[in-house]
Amino acid sequence: MLALAAASCLLAGGCGAGSDSGSRANDASYDRGGDSGPPPAPDRGPGGRYEGERGEGGQDSREVAPGPDHLSTFALDVDTASYGYARRTLAEGRLPDPSTVRPEEFVNSFRQDYERPGGDGFTVTVDGARTEEEDWSLVRVGLATRAADPDGERPPVALTFVIDISGSMAEPGRLDLARDSLATMTDQLRDDDSVAVVTFSDEAETVLPMTRLGGNRGEVHDAVDSLEPTDSTDLGAGVEAGYGTAVEGLREGATNRVVLVSDALANTGDTDADAILERIGESRREHGITLFGVGVGSDYGDELMERLADEGDGHTVYVSGEEDAREVFCEQLPRNIELTARDAKAQVAFDPETVAEFRLVGYDNRRVADEDFRDDRVDGGEVGPGHTVTALYAVRTRPGAEGHLATATVRWLDPDSRTPHEETGDLEAGGLADSVWSARRGLAVTATAAYFADALRSSDHRYSALPGAPGLGELSERAGDLADRTEDEDIRGLAKAIRAADRLD
């Protein structure tokens, strides 16, 4: 088995097609039991050795599975907000709060060239490479949906925009950015698409009920242009009113979605994600309306927005400037608003004959009990066309390990019929590349992003707890070399962010 490509995409972000694969995928599956909730692995200190101390925050990416358990199960997640917000924070001369750093969102912020399926569903790519720490490798599981066709047929969309117009949104790069982006997007959606606009500050108001764009674009523009910041932030009222408006304007046969644009600094009414979600629970369950969270602002309620999107069967992105906003509102959202999979979950089975221990990097809030993998009543992730999802594992192989290492299976429901489907991929020990740094582009950038995220959320930002991690100075050099080799501006931006973190630390 050869090593392969890697990680990313936004909410409905499109990624390039193509194949970087060497894993084999088939329709077969496995049926192995296992327990969830493994204990945390020890942190590593500046010397790079494990010191036997537990990291802060309980369970996190430093988890090692106990001997009898060689299963890892999680709900798919295509959020990228954590990486975008970290870059914004670093550019302003501050290290991000470790609690806002989610490694899977760093990893999934970079384009991948996994092989794409011919129709709806997923391809599964499993590859890996050895690290500089003896017997430790990084193993990557890559999942990809069919490429998005911007000119192809798609169902009409009914978008309810819930816009934060509280006083904090007056800061440049918040409401003004959203207003300009929404105006541009209105001109790019199709005539048979529909838009509604709800605003909230200390109370919520439906500024525009669900309106077909054909012949009514001027009315939509007037509603968007009228948005002005005022008063405090009752985010719960805004979300509830938004879902109410979406239900009133529900279109059968269309993709119905609520788009929340906010800095998520709730300070009035319900400020707890569970309480807010309870108020809209029936609308979500009965009508299948998904939530897309767009975060803005230098001060940003990251945790609240992430919880709302995760539990609202949606995604989050972070917009820091005009370029980000144009990509999210004017390119990705209009092109990739349909769903190809509901309640998608992944399960990786590591072979106990060849694998001594492993830990999943990130996905802390997306873990699923192993026995619930095939329970379709258990919530998973919603994924659209043009997406890739990547999960990275630190794996310690047994000395001299040969043969089968891991089998990865993705399970999802057809968005219309709710029929379950599965696809699998395998990795052999012989498929591990000799080094993560000489591996192909996808795996190398995945490793770099994961090392960076893990270092940012450790107590000593210069070092990652992942095996074979270099210090931030060396990591920035490796990212720079990778950017030069691939001529990829996204990777160059990653190298710049790592250099900024190294200077600040």
Filter result for Gly430 (over 21 Å from the mean Cα position of the chain (by Cα), of a type outside the set (D, E, K, R) and on the phi > 0 side of the Ramachandran plot): no
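For every residue, the table says whether it meets (1) modelled with pLDDT of 95 or more; (2) in a loop (DSSP other than H, G, I, E, B); (3) more than 21 Å from Arg130 (Cα to Cα); (4) not charged (D, E, K, R).
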| residue | (1), (2), (3), (4) |
| --- | --- |
| Leu443 | yes, no, no, yes |
| Ser459 | no, yes, yes, yes |
| Ser464 | no, yes, no, yes |
| Pro467 | yes, yes, no, yes |
| Arg478 | yes, no, no, no |
| Asp481 | yes, no, no, no |
| Arg485 | no, no, no, no |
| Ile491 | yes, no, yes, yes |
| Arg499 | yes, no, yes, no |
Name the residue, out of Leu339, Leu333, that is at pLDDT below 85, assigned to a loop (DSSP other than H, G, I, E, B) and closer than 30 Å to Pro155 by Cβ. Leu339
Going through segment 410-432 one residue at a time, which ones are closer than 27 Å to Arg396 by Cα, among the hydroxyl-bearing types (Ser, Thr, Tyr) and either assigned to a loop (DSSP other than H, G, I, E, B) or touching an Asp or Glu at 6+ places or on another chain (Cβ under 7 Å) (or both)? none
Out of Asp234, Asp272, report the one residue that is buried (at least 21 other Cβ atoms within 10 Å of the Cβ) and on the phi < 0 side of the Ramachandran plot. Asp234
Given the conditions (1) under 27 Å from Gly321 (Cβ atoms); (2) without any contact (Cβ under 8 Å) to a residue 24 or more places away in the chain, every one holds for Ala196 apart from (2)
Is it the case that segment 397-412 has a residue that's among the β-branched types (Val, Ile, Thr), at pLDDT 95 or above and over 23 Å from the mean Cα position of the chain (by Cα)? yes
Scanning segment 404-434 residue by residue, those in contact with a helix residue (DSSP H, G or I) (Cβ under 9 Å, 6 or more places away or on another chain) and either without any contact (Cβ under 8 Å) to a residue 40 or more places away in the chain or open to solvent by 30 Å² or more (accessible area, probe 1.4 Å) (or both) turn out to be His404
What residue, among those in segment 144-193 that are polar (S, T, N, Q) and in contact (Cβ under 8 Å) with a residue 40 or more places away in the chain, is most open to solvent (accessible area, probe 1.4 Å)? Gln188
Residue hits (segment 81-113; assigned to a loop (DSSP other than H, G, I, E, B) and either free of Cβ contacts under 8 Å to residues at least 24 places away in the same chain or open to solvent by 10 Å² or more (accessible area, probe 1.4 Å) (or both)) are Glu92, Gly93, Arg94, Leu95, Asp97, Arg102, Arg111, Asp113
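The values are calculated or read from the model by the stated rules, or taken from the named source; none is laboratory data. None of these values were measured; they are calculated from a predicted model. Cβ coordinates were reconstructed from backbone atoms using ideal geometry, including for glycine residues, and neighbour counts include every protein chain displayed. With ligands, DNA and RNA removed, areas are computed over all heavy atoms of the protein, side chains included. Shrake-Rupley method; radii C 1.70, N 1.55, O 1.52, S 1.80 Å.
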